[in-house]
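Okay, so here's the structure we're looking at.
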Amino acid sequence: MGDCVFCDIVNGRIPSIRVYEDADFIALMDINPLTPGHLLIITRDHYGATLDVPDHILAKALPLAKKIAEAVLLGVGSPAFNILINNGPEAGQAVSHWHLHVVPRQNPQELPLPGGAPADLTKLPFTAAAIRENL
C-alpha cells in the first residue's frame, strides 16, 4: 500500500519501538498513547479492517494480545487493560491497516467509555432478527 504508515513501519521505512515480532504480527509502542504502556499489534500484511483479515490470522491475534497484555500489565504495573479494535473511520479507525490496541488502565477515568442508553424493548427483537438473518 502506497500511503499506509503501518506498511511503512513493517517495511522499516518508518522507525518504531517494537516489543514483539513474528511472521504475522508486530507489536509496537503507540506514539500517541492513551495511557503509559499503550501499544498496537499490527498485521505484517495489509488488511483494511477486521472483515478483510483472513480467519487464520484473526485466530492468532487474540492469543497474542493476551500474551502481550500480560507483559504490559507487569511491565507498567497496571491492574487492568482494554483491547480495542476500531473498524472504519466512523468507529475511530485512524489508519486503514488492521490493528488492535492494548491499553493498560489504572482507573476508569483514563479512558472514559460512555454507558449505553436503555434499549427500546419493542424494537430490540426486530434488530436481533435482522442480525440473525445475516448470519
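Here are a few things to note about the model shown:
- Ordering His101, Pro112, Ile31 by Cα displacement along the dipole of the chain toward the positive end leaves Pro112 in first place; charges were set at the Cβ atoms of Lys, Arg (+1) and Asp, Glu (-1).
- Alpha-carbon gyration tensor eigenvalues x 5, square-rooted, for the chain, Å: 28, 21, 14
- Zone of Leu51's modelled label, taken as backbone nitrogen in region 96-135 under 19 Å from a point 7 Å along Cα→Cβ: 96-100, 127-135
- Cα centroid separation, region 74-90 to region 1-72: 12 Å.
- On Cα atoms only, tilt of 124-133 relative to the major axis of the chain in degrees: 60 degrees
- A simple spin-label model places pseudo-atoms 7 Å from Cα toward Cβ; at Tyr20 and Asp3 they are separated by 3.2 nm.
- Residue with peak Gaussian network fluctuation, the chain [Cα springs, cutoff 10 Å], from Asp52, Asp30, Asp120: Asp120
- The charge dipole of region 5-112, taken about its Cα centre with unit charges on the Cβ of Lys, Arg, Asp and Glu (plus for the first two, minus for the last two), comes to roughly 240 debye.
- Computed over the chain, relative contact order equals 24 percent, with contacts defined as Cα pairs under 8 Å that lie 6+ residues apart.
Bear in mind that the values in this text are calculations on the coordinates, not laboratory data. Just so you know, these numbers come straight off a predicted model, no measurement behind them. Every residue, glycine as well, gets a Cβ built from its backbone with ideal geometry; the counts of neighbours run over all protein chains shown.
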